[in-house]
Structure formats: structure tokens, C-alpha cells
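**Q** I have a structure I would like to understand better, so I am pasting it below and will then ask my questions one at a time.
Nothing in this text is a laboratory measurement; each read-out follows from the coordinates by a stated rule. All of these numbers come straight from a predicted model, not from anything done at the bench. When we count neighbours, we look across all protein chains shown, and the Cβ atoms used for this are built from the backbone with ideal geometry, even at glycine.
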Amino acid sequence: MLSLHGVGKTYATGLRALDGVALAVAPGEIVAVVGGSGCGKSTLLRLVSGLDRPTDGEVVLDGTAITAPHERIGIVFQEPRLLPWLTVAGNVGFGLADRSRAERAERVAQALDRVGLADKAGVWPRELSGGQAQRVAIARALVTRPEVLLLDEPFSALDAFTRIDLQDHLLDLWADFKPTLLVVTHDVDEAIVLADRVTVMRPHPGRIYETIETDLPRPRDRQSAAYDFAKRRVLAALDRSLDRKAVTDDGRTMSEAGAALWW
Amino acid sequence: MSLLPVTISVDTAVAAERAPRRLARLALPALALVLPVSLAILWELLVDLGVSDGRLVPPPSTILATLSELAATGELSRHAGATVLRVAAGFGLGVAAGTLLGALTGYYALLRRLVDPTLQALRAIPSIAWIPLFILWLGIFETSKVALIAVGVFFPVYLGVMGAIASVDRKIVEVGRVFRLSGPAMVRRILLPAVLPAYVVALRSGLGLGWMFVVAAEFMGASEGLGYLLVDGQQLGKPAQIVAAILAFAVLGKLTDTLIHLLAAPFLRWEDAFGAKR
């Protein structure tokens, strides 16, 4: 169980990025965090990853307070952040340095196979496309079998087709050993496709505004009415979170203009 | 010039359509030789024809004769060897000090604030200005020469390493943090590979300065070395010997630079830069 208790973050500049964030994520659950820019969603992820420390409250994973990067928490950044001097296999195996050579080779091969890049093991990162590079980054994060995988707008730099492809692929990988996923995104579709729960944040300072259960069967049909309904609810919450002109009570009449402008 | 494909007749033009690429690969670098070789031949002819006596500006044939004579008597290898040893010692010391201090100041911001201003002030001193002091401190023999070369090598290496370490992409460092690398592991697995391209450049410019300073060092009094050949040639009025020594410097400088380049190449194959070889 990953839980955040009253987590707040004030930067050295005095900027209050997060305030009183409370969130509990069950093992194996997929939670998406959406919100306008500057709402602190990336900050939130950095706190959970242990790269930054909260100024108030704490992040707890199974009873352990997270104050530094933890071996059971993996992260995929917005950019692949592959090490250019290592081959694809070297990058995937980066977190396995303490394992035996044979075990490392086996797990790397397995992970690369799983992301469909077995034939790319020996190439340099510069030779990969954006989507391939991000798949390598996902393989690198998953190869250590983390209990929690954090994803910070992982597909935002990719084209629409590759993005949809990788979203499905991620769910596929998730099904292997069901880690907890915490996905920060500004793509509402991505949130609905992936998440069991969508947490909407509001800015200045960043805090949780509303949480929406998507309550959709998997695999999800991007064309279904239920999908559309969930999306409208999230968009409506986003609009309200930014104090945009509120929509009608149930959110069904979300205007297209609002949908396009919320971020 | 026979090296140049000057004529391609019209009827072979079609067949030659693919040839130009191969020709270009061989001939274009050869273009660089046109000017110096022409000048050398021209000068040789002018001296041959008696237009100039070539006493102060010796023709290529005289220079070659001097070089082969120096080589035959073993003088050339003795002087070149002495110079190479000095450069090697000074380069080694300068690189070691520059790498260590550059890495420390690049890594620790506090140390940078503490040490870097002083080093930058020292860097502003023309290094030749140290010669009198070094002679007083270290004597007129090898130590002061090596020290001068080391000073020359130190600064470009120090600057290069410090700049490279300080500007390693934070995002890449965070990857190391996520995988909980210890300090030494972070240096070995992230920082060192990340700064390697810049380090090689720093080493090469350091080496260039090393060759520059060995001449200054040998000017201040040496009984052997290529710099000694220069001074000796000046004092005894042997311009051919001076030019021969200059040529030896050129060859050695280029060779050692290429050596660094070749040694580093296997570690830099990953580079994805505009200038990197594919």
C-alpha cells in the first residue's frame, strides 16, 4: 500500500507547489493524476519517487517512509533518459548491476522480449525511435520488478498512434505482475484508458481536487459510451478545478471549448 | 600535379558518373597539398636557378639532407626522445592534477567557490612568466622544465573537466539516483562516461599546450631536445636544422594527438553528435 499523508512541498524559492495531498493507492491499482500545468503533479511524482523530499507530511510504502529513491519504486520519466554510452541491453540492465552476469543477461533478454525490442539489444540509444526509446525506458524500470511504478507523462512526447500503442502495451506489461501504477498525465484519454481512479488536481498550491472512479471493464474500448462518460466527468472536474465556468450538475453538457482549453 | 584528376574526356563522362565519388574521396584531401608542395617546388627551383642563395631560407632538399643526417647520426632520435620524455612527464602530471582538481571542483559547488577563483587568477598569468621562478625553485635541469609543461597542460584539462562535470545533464544523474548508485558508482557509471567526450577534447588541447611549453622550457637552457636544436641552429646559423626540428615537432605533435584520438575512439562510439563519425 502506497500512501501519502498530508504531503506538501515548498521550494527554496518560496513557491508552494503542493499542499496537503492525501492519497492511498492499493497494491496493483492504477491511479492517474491529471491537472492543469503548474498544479504540482510532477512534483508529486518526484516526492513519491524519493528524488525530492516533502516539506510536510510523508510518503509511506508498506510502512516505510520514503525519503530517498527506493528499490521497490521505479520511475519512467517524460523523456526516455537512456544513457547514450550504453547499448539498449546495457540500459535495461542498468539497475541489475548487483546481480550475476548470467541472471542479468537473462532478465534483460526477457524484458526486451517483453517490450518487443529483442532485436535491438545491441544497438545504441541514438538509433531508436522515440517510441522504442520509451519502451526501453519502461523495460529498464520494470526489469527490477518494482512494486510501484511511477510514470511522469510518459507518452506525451510521442505521436498519437505510438501513444495509443504504448498505452496498450503498458497495460499488457502491468498484467504480468500487477505493480501499482501512478501515472501523471495531461492527456485525459490516457488517464481513462489506464486508470482505475483518476485524481484531478488544482493549482496554486497543488492539491487534490476530486477523485473519479473510472469503473470500466478491461480491456477498455475507447469508443464506448461508458468511456466517453468517464472522460466527460474528468473533463468537467478539470474545468471546475480551474474555476472555469462550471458546467451543469452531472457534467454531461461539458462544452467542447472547455475540453480543449482546460490545460 | 599528377595527383589531381584534371581531365575527364567527354566520351568517358558517363562511365565516370560514379567515379567522381571515389575520385573525390582521394583527390579532395590531396587538394590540401597543392599549395605547400607547389611553394616547396617553386623555392627549390628558384634556389637551383640561382635566383636566391637559399642560405637563410633553405630549400627543401637541404632540409631533407639535414634531417637524414640528424637521423643517421642518431642525433634526431636523441633530441626527439628527450623532448618526448619531458612532454610525457609534464603531460602526465598536468593531466593528473587537472583531472583531480577539475573533478572535485566540478562535483562540489562549495569547493568550486573556494578554489576556482584562485586557479582562474593563476590561469591569467602567462605561463612563461613562471620560468624564472621555477628555475630558482627547481633548478635549471629537468624538474623545472617538467613543471612548466605540467602547468601548461594543467589549465585546459582542469577547465575542461570542471566544465564537463558541472554540466552533466541533471536528468541523467537522476537516473543514477533512482537506481540508488553510491557516490563512487555514480562517478564510475554516470559522470565519467558522460564527461568522456569533453575530457578527450581537454586532453588534446592540454597536449597541444604541452608541446608548446616544452619549446619554451628547452629555450631556457637544455643540452638536448628539439628545442635545443632550435636554439643551436639559431646560434650557429643553421636554418636547415631549425626547420628540421620544427618539422619533427609537427610530426610528433600530430602523432601524439592522433594517438589520443585513436585510444579514445572505442569508448566514444556511442556519440550522437553533429561531428561524430557514423
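**Q** Please state the charge dipole magnitude for segment A:55-129, taken about the Cα centre, from unit charges on C-beta atoms (+1 on K and R, -1 on D and E), reported in debye and rounded to the nearest 20. Let's see the in-between values first.
**A** Values: 9 positive and 11 negative charges, 72 e Å.
Rounded to the nearest 20 debye, it is 340 debye.
**Q** Give me the percent relative contact order of chain A, please, defined on Cα pairs under 8 angstrom at least 6 residues apart.
**A** RCO, chain A: 24 percent.
**Q** For B:W270, B:W211, what ranking results if the residue with the fewest other Cβ atoms within 10 Å of its Cβ goes first?
**A** Going from least to most buried by this count: B:W270, B:W211.
**Q** Before anything else, pin down the relative contact order of chain B: Cα pairs under 8 Å, at least 6 apart, normalised by residue count, whole percent.
**A** Relative contact order comes out at 21 percent.
**Q** Taking the Cα centre of chain A as the origin, how large is its charge dipole in debye, to the nearest 20, when only Lys and Arg (+1) and Asp and Glu (-1) carry charge on their Cβ atoms?
**A** 440 debye
**Q** Turning to a different aspect of this structure: Counting only other chains, what is the mean number of Cβ atoms within 10 angstrom of the Cβ of each residue in peptide A:43-53? Walk me through the intermediate numbers first.
**A** On the way: counts 0, 0, 0, 1, 0, 0, 3, 3, 3, 0, 0.
Other-chain Cβ atoms within 10 Å of each residue's Cβ, averaged: 1.
**Q** Continuing with this model, one more query. Arranged by the count of other C-beta atoms within 10 angstrom, fewest first, what order do B:I131, B:I140 take?
**A** Values: B:I131 19, B:I140 13.
Arranged by neighbour count, lowest to highest, B:I131, B:I140 become B:I140, B:I131.
**Q** Shifting gears a bit: Positive end of the dipole of segment B:101-228, charges at C-beta (+1 Lys, Arg; -1 Asp, Glu), about the Cα centre: which of B:P193, B:V215, B:V157 has its Cα farthest in that direction?
**A** It is B:P193, whose Cα lies furthest towards the positive end.
**Q** If you don't mind, there's one more thing I want to ask. Give me the net charge for the shell around B:G210: Cβ to Cβ below 11 angstrom, other residues only, Lys and Arg +1, Asp and Glu -1.
**A** So the surrounding residues net to +1.
**Q** Within a Cβ distance under 12 Å of B:D169, other residues only, what is the Lys/Arg minus Asp/Glu net charge?
**A** Summing Lys/Arg as +1 and Asp/Glu as -1 gives +1.
**Q** Using a 10 Å cut-off on Cβ to Cβ distances, tally the other chain neighbours for every residue of B:161-172 and report the average as a whole number. Could you put the intermediate results ahead of the total?
**A** Numbers: counts 0, 0, 0, 0, 0, 0, 0, 0, 3, 0, 4, 4.
Across B:161-172, the average partner-chain Cβ count within 10 Å equals 1.
**Q** Applying a 10 Å radius around every beta-carbon, put A:55-63, B:83-91, A:205-213 in order of their mean neighbour count, most first.
**A** Taking the mean over residues of other Cβ atoms within 10 Å, the ranking is B:83-91, A:205-213, A:55-63.
**Q** Right, something else. Along the charge dipole of chain B, which of B:F141, B:I242, B:L39 sits closest to the positive end, that is, farthest toward it, with unit charges on the beta carbon of Lys, Arg, Asp and Glu (+1, +1, -1, -1)?
**A** Among B:F141, B:I242, B:L39, the one farthest towards the positive end of the dipole of chain B is B:F141.
**Q** Please report the net charge: other residues with Cβ closer than 15 Å to the Cβ of A:Q134, K and R +1, D and E -1. Mind dumping the intermediate values first?
**A** Details: positive: A:R81, A:R114, A:K120, A:R126, A:R135, A:R140, A:R163, B:K171; negative: A:E79, A:E127, A:D152, A:E153, A:D159, A:D165, A:D168, A:D172, A:D187, A:E190.
Here the count lands on -2.
**Q** Taking each residue of A:64-77 in turn, how many C-beta atoms of other protein chains fall within 10 Å of its C-beta, and what is the average?
**A** 2
**Q** Taking the Cα centre of segment B:74-268 as origin and charging only Cβ (+1 Lys, Arg; -1 Asp, Glu), how large is the dipole, in debye to the nearest 20? Provide the component values of the computation, followed by the final result.
**A** Details: 15 positive and 9 negative charges, 165 e Å.
In total the dipole reaches around 800 debye.
**Q** Applying a 10 Å radius around every beta-carbon, put A:39-51, B:220-232 in order of their mean neighbour count, most first.
**A** In decreasing order of mean packing, A:39-51, B:220-232 become A:39-51, B:220-232.
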